[in-house]
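*Asks:* Before I ask anything, here is the structure I am working with.
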Amino acid sequence: MSFLAAPAHWRTYKERYRLMGSKCITCGNVYFPTRNLCPVCRREGKMEDLEFSGKGKVHSFTMIRAAPEGFEKFTPYAIGLIELLEGPKVISQIVDCDFDDIKINMSVETCFRKLMEQGKDGIICYGFKFKPEDESWRKSEVKTS
Ligand SMILES: [Zn+2]
């Protein structure tokens, strides 16, 4: 039923292109993705949109070798549970580094990349992924000078 994926993607367009969530003004809790109702305050809660900084830390991560349909081209790839600076945790692909370079608590930030291609028409979905924030961790290249 992969044809269901495209409409679902467009329904979450806002969340995918800007890292949007909700903040409850009443209790201060922050949620990702956006919510209309604060599960803590219920009817007393007042929700407002919150755009995340896009920065966070790797809470945990794993290597994906058997990808779901549409993601085969990316295997093997790293999926991380990213703890955003603002608190909520997001599951996302970690790119721009070798799997061996990913560390728990490593600082990461969002970047916008191709998420998947669908079907014969090659509909391409873009969305956020995470990459190392500070690339100084990279093994320094052999200096030629
Ligand atoms: Zn609340």
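The values are calculated or read from the model by the stated rules, or taken from the named source; none is laboratory data. Quick caveat: nothing in here was measured; it's all calculated off a predicted structure. Note: ideal-geometry Cβ built from the backbone for every residue, glycine included; neighbour counts use all protein chains shown. We work out accessible area using only protein heavy atoms, side chains counted, and drop any ligands, DNA or RNA first. Shrake-Rupley method; radii C 1.70, N 1.55, O 1.52, S 1.80 Å.
*Asks:* Using a 1.4 angstrom probe and counting only protein chains, how large is the accessible area of K89 in Å², to 10?
*Replies:* Roughly 90 Å² of K89 is accessible to a 1.4 Å probe.
*Asks:* A further question on this structure: At what distance in nm do the modelled label points of C41 and I91 sit from each other, each positioned 7 Å from its Cα along Cα→Cβ?
*Replies:* Going by the 7 Å Cα→Cβ label model, 2.9 nm.
*Asks:* May I ask you to derive the FRET efficiency for E69 and D134 from their Cβ-Cβ distance with R0 = 41 Å, giving the value to the nearest 0.05?
*Replies:* It comes out at approximately 0.75.
*Asks:* Okay, moving on. Can you tell me the dipole magnitude for the range 32-85 around its Cα centre, using point charges on the Cβ only (Lys, Arg +1; Asp, Glu -1), in Debye to the nearest 20? Present the calculation step by step, with values, prior to reporting the outcome.
*Replies:* Working: 8 positive and 7 negative charges, 29 e Å.
Dipole size: approximately 140 debye.
*Asks:* Would you mind estimating how fast the range 15-99 diffuses translationally, via Stokes-Einstein at 37 °C and 0.692 mPa s with the Kirkwood radius over Cα pairs, in µm²/s? Mind dumping the intermediate values first?
*Replies:* Numbers: Rh = 14.4 Å.
Result for D is 229 µm²/s.
*Asks:* Another question, if that's okay. Could you pull out every residue, at least 5 positions away or on a different chain, whose amide H is within less than 5 Å of the one on A78? Hs are placed 1.01 Å off N in the peptide plane, and Pro or chain starts have none.
*Replies:* Placed amide hydrogens put I64, I94 under 5 Å from A78.
*Asks:* Shifting gears a bit: Quick one: which of K89/K129; K55/K114; K73/K131; K23/K114 span more than 25 angstrom between C-alpha atoms?
*Replies:* K23/K114
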